[in-house]
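In what follows, a structure is listed as structure tokens, so that the remarks can point back to it.
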Amino acid sequence: MSAQKTRIKTREDELPPRERILAAASDLFYRQGIRAVGVEAIAEAAGTNKMTLYRHFDSKDELVAEYLRSLASCAEASWGELARQYPNDAKKQLVAWLKSIGEHINNPKERGCALANAAVELPEKHHPARCVIEEHKQGERNRLVKLCKQAGASKPEMLADELFLLIEGARVCAQSMGQEGPAARLGRMGEAIIASHLS
């Protein structure tokens with residue numbers, strides 16, 4: 001009698017194969033890194049096989065791009081939620097965004113920004129995921145510029161860039177120095193930067 005691995009059924013098991021594959025890949029890529037995870041491990045974690053994986057995604061590179069697209073879409077949705085919570089108040093949206101990012105950064109279970117992590121792992125400019133990363137990051141900066149302008153900043157691009165670099169740096173700092181390091185002061189630092197531009 002051959003020993004078989006026993007899988008515990010999860011909510012993901014009820015999803016269609018494509019969604020199961022994407023959910024498994026998302027978890028593995030984020031926790032272990034894109035280069036460290038092979039398609040065999042993804043298929044196994046999704047409770048399927050490589051043939052099914054390749055039926056839904058032409059290549060691992062395409063799966064990586066779709067993983068990052070789904071994260072970018074979630075980030076976009078969170079901006080929409082902030083706009084609903086604080087309609088016509090760009091400053092409150094910026095402060096709430098900083099708070100949300102700070103909570104994520106300072107959560108010990110998190111590994112930073114998945115898109116920034118992917119950018120480090122995928123230096124090839126023609127990788128299908130690179131355009132997803134670059135479009136998302138540029139879109140984030142553009143949104144910040146717009147909000148900074150609406151908040152009344154005299155130099156909205158400068159404020160946006162300062163906030164953008166603060167966030168990106170805090171994400172890396174939390175990974176290298178832990179949650180008790182400088183990243184723990186992200187919210188206060190961000191609010192001070194905003195105040196200096198709006199006074």
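Okay, here's what the table says:
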{"read-out": "Verdict on Leu98 being within 30 Å of Lys149 (Cα to Cα) and either open to solvent by 40 Å² or more (accessible area, probe 1.4 Å) or β-branched (Val, Ile, Thr) (or both)", "value": "no"}
{"read-out": "Failed condition for Arg111, given (1) open to solvent by 50 Å² or more (accessible area, probe 1.4 Å); (2) modelled with pLDDT of 95 or more; (3) outside any helix (DSSP H, G or I)", "value": "(2)"}
{"read-out": "Glu124 vs. criteria more than 16 Å from the chain's Cα centre (by Cα) and open to solvent by 30 Å² or more (accessible area, probe 1.4 Å)", "value": "yes"}
{"read-out": "Candidates Lys149, Lys137 - the one that is modelled with pLDDT of 95 or more and farther than 20 Å from Ile34 by Cα", "value": "Lys149"}
{"read-out": "Residues that are open to solvent by 80 Å² or more (accessible area, probe 1.4 Å) and assigned to a helix (DSSP H, G or I), drawn from the stretch 49-80", "value": "Lys50, Met51, Tyr54, Arg55, Arg69, Cys74, Glu76"}
{"read-out": "Residue that is least open to solvent (accessible area, probe 1.4 Å), among those in the stretch 178-199 that are without any contact (Cβ under 8 Å) to a residue 40 or more places away in the chain and aliphatic (A, V, I, L, M)", "value": "Ile193"}
{"read-out": "Per-region count, the stretch 149-163, residues surrounded by fewer than 16 Cβ atoms within 10 Å (Cβ to Cβ), at negative phi and not basic (Lys, Arg)", "value": "5"}
{"read-out": "Unmet criterion (only one of (1) assigned to a helix (DSSP H, G or I); (2) touching a Lys or Arg at 6+ places or on another chain (Cβ under 9 Å); (3) more than 25 Å from Gln179 (Cβ to Cβ)) for Lys92", "value": "(2)"}
{"read-out": "Which numbered condition Gln93 misses (of (1) surrounded by 13 or more Cβ atoms within 10 Å (Cβ to Cβ); (2) polar (S, T, N, Q); (3) within 23 Å of Pro16 (Cβ to Cβ); (4) more than 16 Å from the chain's Cα centre (by Cα))", "value": "(3)"}
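The values are calculated or read from the model by the stated rules, or taken from the named source; none is laboratory data. No experiment lies behind these values; they were computed from the predicted model shown. A quick note on method: Cβ atoms are made from the backbone with ideal geometry, for glycine too, and the neighbour counts reach across all protein chains shown. What goes into the accessible areas is simple: the full protein's heavy atoms, side chains included, and nothing from ligands, DNA or RNA. Shrake-Rupley method; radii C 1.70, N 1.55, O 1.52, S 1.80 Å.
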